[in-house]
Amino acid sequence: MRAIWFITFLTALSFSALATELTPDQQVAKTQGLVFYNQFKTTLAIPKLRIAADAGDQEAQYYLGEAIVRKSKYMTSEASAAYEASALQGNIYSMVRLSWNKNDLCVAMNNCPAGQKKPGEWRKIALEAAEQESSEGKAEAMYLMFRLTRDDKWLKKSAESGYAFAQYYLGTGYRDGKGFFLLPSSRSDLVEQLMKASAEGGYPPGMMAYVELLAAKKDYEAVRFWYQKAAESGYTEAVFGYGSYLAKNPSEIGFPYDPVKSYAIISTLLELDGGGGVKEFAKDLQAEIAPKLTSEQIAQATKMSVEWKKTHPPLSYFPDKL
């Protein structure tokens, strides 16, 4: 019976997935919405994501739900509808969100509209979908199995299969005392191995976690490499840190003194007015650097800042997806 029910669900997915191609304008709106979302500019993100979500894009539907919940602090009917539309197109993240929605009023009162799936039903669907993708070797699906089951074996499998976020997540847990190790060195060695893998897998928070470990070992050449790489990925924490070190003479970790470039890089952070607190720190640092520069150097830094934005990914806090 369970197999028949899941096949029926997959059939529904195949039909719902037909109308998801976006026009160029819709794609631009989606991209802008995701940038705003990752910069905590939630109010700006919602209308942009709604354009692509209304066109049937399942990723935009998921992030629309996320943005609405972030802004409202609870699951609204629009957020629930966005998650459901996304889930019906096979988005497992949306299925997981719906499976966690046990505080919905209609769920609590057991009077949801006919045909609306309950959290327990969404959990079964999510497990089926994640299990199927995991069996195909998809590391991200293994991480989702961990979130659904809370069984650490899935987190370890995901990390071993190369999912950079799972490597970071697992490494953070071990770093903070999770698990049993006979020797402290065994714990620290595994944490370093996981953070290095996450960094090499392209996950910027993993890069910065690896930087901390390298700094403790005074491997400053590697620290500079990963710090700069994380900054060039657009990770706000790394951008601020990189810009800060360039303004120091001497720099504790060996970055060359370059106040013009520092001013330019720090200037890029001034657009982060949606939250996170980085803008205030950037303004304070910029005010410290400015007296050391001539008007010509500030003009040069302004041009350099524009060029940096053109040649690097948009700034992002890289919030967790779940």
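The values are calculated or read from the model by the stated rules, or taken from the named source; none is laboratory data. Every value quoted in this text rests on a predicted model; they were computed, and no experiment measured them. With ideal geometry, Cβ positions are generated from the backbone for all residues, glycine too; neighbour counts draw on all protein chains shown.
List of remarks:
- Selection status of Leu182, at pLDDT below 95, more than 30 Å from Thr43 (Cβ to Cβ) and surrounded by fewer than 18 Cβ atoms within 10 Å (Cβ to Cβ): yes
- Output for the stretch 16-30, where each listed residue is outside any helix (DSSP H, G or I) and at pLDDT 95 or above: Leu22, Thr23
- Candidates Lys218, Lys196, Lys157: the one that is within 29 Å of Lys138 (Cβ to Cβ), among the basic types (Lys, Arg) and over 20 Å from the mean Cα position of the chain (by Cα) is Lys157.
- Selected residue (only one of Glu192, Glu128, Glu121 is charged (D, E, K, R) and touching a residue at least 24 places away in the same chain (Cβ under 8 Å)): Glu128
- If you go through the stretch 24-44 and pick out every residue that is in contact with a Gly (Cβ under 9 Å, 6 or more places away or on another chain), more than 12 Å from Glu66 (Cα to Cα) and buried (at least 19 other Cβ atoms within 10 Å of the Cβ), you end up with 3.
- Positions within the stretch 111-121 being assigned to a helix (DSSP H, G or I) and either surrounded by 15 or more Cβ atoms within 10 Å (Cβ to Cβ) or modelled with pLDDT under 95 (or both), in sequence order: Pro119, Glu121
- Unmet requirement for Asp273, which otherwise passes all of (1) modelled with pLDDT under 95; (2) surrounded by 16 or more Cβ atoms within 10 Å (Cβ to Cβ); (3) of a type outside the set (Lys, Arg): (2)
Residue-by-condition table, conditions (1) within 21 Å of Val35 (Cβ to Cβ); (2) basic (Lys, Arg); (3) surrounded by fewer than 13 Cβ atoms within 10 Å (Cβ to Cβ); (4) in contact with a Pro (Cβ under 7 Å, 6 or more places away or on another chain):
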| residue | (1), (2), (3), (4) |
| --- | --- |
| Tyr210 | no, no, no, no |
| Ala216 | no, no, yes, no |
| Asn249 | no, no, yes, no |
| Phe255 | no, no, no, no |
| Asp258 | no, no, no, no |
| Gly277 | yes, no, yes, no |
| Leu293 | no, no, no, yes |
| Gln297 | no, no, no, no |
